[in-house]
Amino acid sequence: MKKLFLSSSVNFVAKDIASKIKRHNKLKAVFIDTAAEVEKGDKQWFKDDRQGLVDAGFNLFDYTITDKTSAEIEKDLSGIDVVCVEGGNTFYLLLQARKSGFDKFIKKAVNDEVIYIGSSAGSIIASPDIEITKKIETKIYEKQLKSFKGFGLVDFIALPHWGSKDFKDLYLNRRLDVAYKKRNKIILLNDDQYVEVEDDKYKIIDVVKD
């Protein structure tokens with residue numbers, strides 16, 4: 001069974017996701033941190049996401065696909081049970097996925113029942129196309145990509161951080177102009193939500209905070 005959990009900020013929903021995975025603390029999980037490599041600042045969100053997964057009981061090891069070959073990825077991620085793809089720059093992540101062959105690896109892995117957990121960019125890239133997430137900071141990577149096709153693990157686009165004041169200008173003044181196309185099947189996620197996918201079925205989960 002194909003199983004994915006696509007979140008806006010995994011830190012806020014990790015424990016709820018963990019409750020849906022049998023013996024999650026016994027599974028081998030990798031934390032793909034590639035998308036965060038080109039982000040600036042203290043990246044507290046990155047630290048919080050990783051710690052949130054650890055606090056939820058996932059046994060993680062960190063991994064970047066940057067500068068890796070397909071053979072290295074096959075070897076390094078052999079026997080993996082859970083792939084957690086962190087947020088950051090979606091276009092940089094897609095570029096590195098194509099260069100390394102991770103895009104092909106992850107499609108096969110998910111079809112072989114490896115569980116996929118995405119956070120922000122890690123959720124967006126699971127979609128058929130990432131064009132609607134273009135922003136000024138991605139132009140250097142956009143030029144190197146021949147297309148904006150994502151992994152195609154789902155048939156919709158999960159757009160994270162809906163309703164966040166930090167992303168208000170990005171959405172209202174830039175992103176919605178690109179997104180407003182008939183072909184785009186979009187799910188807007190706030191930071192307390194995630195999409196649970198099982199094969200071709202999916203549902204939006206709201207995580208109620210205590």
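Descending by average beta-carbon neighbour count within 10 Å, the peptides 88-101, 40-53, 177-190 line up as 88-101, 40-53, 177-190, the highest first. Bridge orientation summary for the chain: considering DSSP beta bridges with both residues in this region, about 40 percent are antiparallel.
In terms of packing, defined here as the mean over residues of other Cβ atoms within 10 angstrom, the peptides 5-11, 150-156 line up highest first as 5-11, 150-156. The gain in end-to-end length when the Lys108 to Asp177 segment is fully stretched comes to 21.5 nm, 0.36 nm per residue minus the alpha carbon separation. What you get for the range 110-210, charging only the Cβ of Lys and Arg (+1) and of Asp and Glu (-1), is a dipole of about 780 debye around the Cα centre.
Once the mean of 1/r is taken over each pair of separate Cα atoms and inverted, the range 47-188 shows a Kirkwood hydrodynamic radius of 16.0 Å. For the pair Phe61 and Asp42, the difference between a 0.36 nm per residue extended length and the Cα-Cα distance amounts to 4.8 nm.
Largest first and in whole Å, the equivalent-ellipsoid semi-axes of the range 62-136 read 20, 14, 11, each the square root of five times a Cα gyration tensor eigenvalue. Among beta bridges identified by DSSP and lying wholly in the range 121-210, the antiparallel ones come to about 70 percent. When only the Cβ of Lys, Arg, Asp and Glu is charged (+1, +1, -1, -1), the dipole of the chain relative to its Cα centre reaches about 620 debye.
With the simple model of a label 7 Å out from the Cα in the direction of the Cβ, Ser70 to Glu198 spans 3.4 nm. For the range 140-184, the normalised intensity computed at q = 0.31 Å⁻¹ comes to -1.10 (log10 of I(q)/I(0), Debye sum over alpha carbons, equal scatterers, no solvent). Taking every alpha-carbon pair under 8 Å whose residues sit at least 6 apart, the range 62-172 reaches a relative contact order of 28 percent.
Read-outs: derived from the displayed coordinates by stated rules, not from any lab. As the structure is a computational prediction, the values presented were derived from the model and not from experiment. Reconstructed Cβ throughout: ideal geometry from the backbone, glycine too, with neighbour counts over all protein chains shown.
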